[in-house]
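Take a look at the structure below.
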Amino acid sequence: MELAGKHLVLGLTGGIACYKIAELTRLLIKAGATVQIVMTEAATQFITPVTMQALSGRPVYTSQWDARIPNNMPHIDLSREADVLVIAPASTDFLARLAHGRCDDLLSTLCIARGCPLLVVPAMNRQMWQNPATQRNVATIRADGIELLGPDSGSQVCGEVGDGRMIEPEAAFEAIYAFFQPKILRGQRVLITAGPTFEPLDPVRGITNLSSGKMGFALARAAAQAGADVHLVAGPVSLPTPWRVYREDVQTAQQMHDAIMRATPDADIFIAVAAVADWRVDHVNQHKIKKTGDGSMPTFSFVGNPDILASVAELPNPPFCVGFAAESGDLDLNGEEKRKRKGVPLLIGNIGQLTFGRDDNEVVLFEAPGTTPLPRTDKQALARLLIAEIAKRAPKTGGPLLS
Ligand code: C5P
C-alpha cells in the first residue's frame, strides 16, 4: 500500500475534467490513502457529491456553513488533518481566486488557511489557459511555491486541440505519490537499461529471453520519484513508460549498446538491468527461412554481442555503474566474481528463475566491503530500497568509483 497512512484533501472545481477525479480517487484509496473530498458549487454540476462520497467513503463538503462541523470552521479543521491539499481539476476561475488570495467559498478558504503543501492540477480550454490573465495567475501561484501538475496538451472535450487538458488520473496519482518520496536523487541523471533484447534470425523469428522489464521499469519509476532525470533504454516489452521518464525503445543488443554509449556522457549513474543477449547470428536471413522437403535443419553461426555494462565501466570517466546478475544457482560464488569482472562498484544479484516475469524479487548486494542480502519484496518496494542504496553510494557528481 504505497500511500498507507497518508491523508489527502482533494478539492474539485467546476470543469468537465471532474469525471477524471472519480478514477483518481479510486487510485488513491486503492493505494491506502484516506481522501477527504471538498467541492465547489460549480464542481457539483459536473459530478455529484454522492458519487464522490461513495468513492472516498467519507462525507463530502461543499459549503463554508456546513453544520456537520461542530465549531463551524471546516476551513481550519479539514486542512489541519491533511498531509497535502490537491486541487483537481483546477479551473481558470479557481487559479484566479488562488492567485489573489480570495476566500469566497470553502475550497478557496481552505487553500488560504492550509497548514500543508498544495498541489494544483489545472484543466481548461486552450484559449483560457493561454489567456495572459491566466498566465499571470499561474506565474503568481508558482512564485508562491505552489506546484502545478500539468496541464497536458492534446484534444479537448470542446473539440479544440492544444494545452490545457488535465493530466490523466494515472499521471496525477504518480505525481501525488512522487510528492511523498524523499528527493534523494535530485539533480542526478540516471541511465537505465531494461527488458530483454531480441536478436533476429530472419524477418519473423529471433532469439530473446524471459525478462519482463518489470525490475528495470520499477527502478526507473523509483529514480524519477526520487528527483532524478531518468533516461530508460528498453528492449521489447509492453510496459507503460513511468511518469517523467524519458524512454528510448531498442530491439537488439547492438542498438542498446549504441543508445547507451550516446547517452553515457550525460549520466551520473548507470544501472544495467537489461537481460542482454550474449550472442547474435552473424548473418540475418533477408527472407523467412523455409522448411526444406528433405527434413534438413537450418544451421546458424553466432558472434558475441558487446557487453554494455563492461564497456561503460571501462570508460575513462564512467558514471557510477550498477550491474545486475541473474544466476541459476551459486549466487554467492558467482556474484562477487562477476562484479570484479565487469569492473563495477555495485552488483545486484538474484536467481533468474525466481525473478523473471514475477512481481516480487529477492536480491543480494555485492560490493568490495562484502555482501548484503535484502528480503523478498515486491519489485516496486524493492526498487525504492535499491534506489536508496544506490543514492547512498553514488557520488553526487558522478565519476569513477571502482575498487
Ligand atoms: O554477464 P551477465 O549477462 O550475467 O551480466 C549481467 C549484467 O551485465 C547485467 O547488469 C546486464 O544488464 C549487463 N550486461 C550488459 N551487456 C551484455 C550482457 C550483460 O550490459 N552484453
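The values are calculated or read from the model by the stated rules, or taken from the named source; none is laboratory data. Fair warning: this is a prediction, and the values are worked out from it, not measured in the lab. Cβ sites come from the backbone with ideal geometry, for glycine too, and all protein chains shown count toward neighbours. Quick note on the areas: whole protein, heavy atoms, side chains included, nothing else; ligands and nucleic acids left out. Shrake-Rupley method; radii C 1.70, N 1.55, O 1.52, S 1.80 Å.
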Scan the range 286-310 and report the pairs whose first residue is among the hydrophobic types (A, V, I, L, M, F, W, C) and whose second residue is in a loop (DSSP other than H, G, I, E, B) and open to solvent by 80 Å² or more (accessible area, probe 1.4 Å), with Cβ atoms within less than 8 Å and a gap of 6+ or a chain change. PHE302/ASP282; VAL303/ASP282
Take THR264 and decide whether it is in contact with a helix residue (DSSP H, G or I) (Cβ under 8 Å, 6 or more places away or on another chain) and among the hydroxyl-bearing types (Ser, Thr, Tyr). yes
Looking at this structure, is PRO265 touching a strand residue (DSSP E or B) at 6+ places or on another chain (Cβ under 9 Å) and either surrounded by 18 or more Cβ atoms within 10 Å (Cβ to Cβ) or over 22 Å from PRO182 (Cβ atoms) (or both)? no
Give me the pairs: first residue in the range 4-15 and without any contact (Cβ under 8 Å) to a residue 60 or more places away in the chain, second residue part of a loop (DSSP other than H, G, I, E, B) and surrounded by fewer than 20 Cβ atoms within 10 Å (Cβ to Cβ), beta-carbon distance under 6 Å, and six or more apart or on different chains, which are they? ALA4/GLY32
Cross-chain or 6+ apart pairs with Cβ under 8 Å, the range 336-351 first and near the ligand (Cβ under 9 Å from one of its atoms), then assigned to a loop (DSSP other than H, G, I, E, B) and open to solvent by less than 10 Å² (accessible area, probe 1.4 Å): ILE348/VAL363
Just to be sure before I move on: is LEU374 aliphatic (A, V, I, L, M) and more than 13 Å from the ligand (Cβ to nearest atom) in the structure I sent? yes
Qualifying positions in the range 77-101 - open to solvent by 50 Å² or more (accessible area, probe 1.4 Å), closer than 13 Å to ARG114 by Cβ and assigned to a helix (DSSP H, G or I): ASP77, ARG80
From the residues in the range 16-46 that are without any contact (Cβ under 8 Å) to a residue 40 or more places away in the chain and either over 29 Å from the mean Cα position of the chain (by Cα) or not assigned by TED's automatic domain parsing to the domain that holds SER91 (or both), which one is most open to solvent (accessible area, probe 1.4 Å)? GLN45
Which residues, counting only those in the range 238-262, are surrounded by 16 or more Cβ atoms within 10 Å (Cβ to Cβ) and of a type in the set (A, V, I, L, M, F, W, C)? LEU239, TRP243, VAL245, VAL250, ALA253, MET256, ALA259, ILE260
Subset of the range 72-121 [in contact with a His (Cβ under 8 Å, 6 or more places away or on another chain) and touching a residue at least 40 places away in the same chain (Cβ under 8 Å)]: GLU81, ALA82, ASP83, LEU106, THR109, LEU110
